[in-house]
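Student: I'd like to ask some things about the structure below.
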Amino acid sequence: MSSHKKRTYHSEARKRQAVQTRSRILTAAKSLFHSKGFEGVTIEHIAQAADVSAPTIYGLFQSKRGVLRALMDEALPTDQFEALVKEAMQEKSAERHLALSAKIARCMYDAERAQMEIFQGAAILSPEFKELEKERELRRYMRQEESIKMIEKAGALLKGLNVSKARDILWAFTGRDIYRMFVIEQGWTSEEYEKWLSQLLVKTLIKIDL
């Protein structure tokens, strides 16, 4: 075996090992956050449960907040999320575009559902979580501006709404709290939530030709 092939083999082996280590850490952290609560868990606890060193976790995630961020970001795989966003941005129909916005919200929160208890507990107890959630919500808010501008450019925005107010409405209605109240607390199915949200967004944001 040439030295080049050996290097390639060892490099690929290290990458696989790194992926496995990262997955093991996140699995351990998720279990601990559920059983002990976010504030009750330390990096050392996670390291022990994942059978790695604390410096390994710091090297991969920087902090406990970084571990939580990774859990939140991996709830819905990036490629799946980006595919849904791309489909929405290529859609010319304002009504269909908003239906896809509802679908994105449903898919995102369905994926997060198993971790919802972690997020809710952390939101109550941890200022760090609140800052992290604020960052995520700001990204969502900024991303939705493009959607509203597309609808406005098509001349479909409801009379009396400007881009700023329409974006505020889209951001609020597609937020996690509404999903939590309807699906988690009131027992709606995800399909019922998505259908209701789609209809609400269409009625609230765009002109419908009768």
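The values are calculated or read from the model by the stated rules, or taken from the named source; none is laboratory data. Bear in mind the structure is a predicted one, so any value in this text is a computation, not a measurement. Here the Cβ positions follow ideal geometry from the backbone for every residue, glycine too, while neighbour counts run over all protein chains shown.
Student: Spot the failing condition for Thr78; the list is (1) surrounded by fewer than 16 Cβ atoms within 10 Å (Cβ to Cβ); (2) at pLDDT 75 or above, and only one is missed.
Tutor: Of the numbered conditions (1) surrounded by fewer than 16 Cβ atoms within 10 Å (Cβ to Cβ); (2) at pLDDT 75 or above, the odd one out for Thr78 is (2).
Student: Filter segment 7-62 down to residues that are without any contact (Cβ under 8 Å) to a residue 12 or more places away in the chain, outside any helix (DSSP H, G or I) and either within 26 Å of Glu112 (Cα to Cα) or in contact with a strand residue (DSSP E or B) (Cβ under 6 Å, 6 or more places away or on another chain) (or both), then give me how many there are.
Tutor: 1
Student: Let me ask something else. Is at least one residue of segment 118-128 under 16 Å from the mean Cα position of the chain (by Cα), at pLDDT 90 or above and not assigned by TED's automatic domain parsing to the domain that holds Lys36?
Tutor: Within segment 118-128, the first condition is being under 16 Å from the mean Cα position of the chain (by Cα), and the residues that meet it are 118-120, 122-123.
Filter again for at pLDDT 90 or above, leaving none.
No.
Student: So, one more: Residue by residue through segment 153-167, note down the ones that are surrounded by 15 or more Cβ atoms within 10 Å (Cβ to Cβ) and not in a loop (DSSP other than H, G, I, E, B). Walk me through how you get there before you give the answer.
Tutor: Taking segment 153-167 as the starting set, the residues that turn out to be surrounded by 15 or more Cβ atoms within 10 Å (Cβ to Cβ) are 156-158, 161, 166-167.
Passing the criteria: Leu157, Ala166, Arg167.
Student: Show the residue pairs meeting these rules: Cβ distance below 7 Å; 6+ apart or different chains; first residue within segment 131-145 and free of Cβ contacts under 8 Å to residues at least 24 places away in the same chain; second residue assigned to a helix (DSSP H, G or I).
Tutor: What qualifies is Glu133/Ala123; Glu145/Arg167.
Student: Please find, among Ala83, Ala94, the residue that is in the same structural domain as Arg176 (by TED's automatic domain parsing) and in contact with a strand residue (DSSP E or B) (Cβ under 9 Å, 6 or more places away or on another chain).
Tutor: Details: Ala83 fails: in contact with a strand residue (DSSP E or B) (Cβ under 9 Å, 6 or more places away or on another chain).
Residue meeting the stated conditions: Ala94.
Student: Of everything in segment 144-158, what is among the charged types (D, E, K, R) and touching a Lys or Arg at 6+ places or on another chain (Cβ under 7 Å)? Give them in sequence order. Steps first, answer last, please.
Tutor: Of all residues in segment 144-158, those among the charged types (D, E, K, R) come to 145-146, 149, 152-153.
Answer for segment 144-158, where residues must be among the charged types (D, E, K, R) and touching a Lys or Arg at 6+ places or on another chain (Cβ under 7 Å): just Glu145.
Student: Give segment 171-190 a look and list any residue that's closer than 20 Å to Glu91 by Cβ and out of contact with any Asp or Glu (no Cβ under 9 Å at 6 or more places or on another chain), or say none.
Tutor: Looking only at segment 171-190, we keep the residues that are closer than 20 Å to Glu91 by Cβ, and these are 171, 173-174.
Once the filter is applied, which keeps residues that are closer than 20 Å to Glu91 by Cβ and out of contact with any Asp or Glu (no Cβ under 9 Å at 6 or more places or on another chain), segment 171-190 yields Phe173, Thr174.
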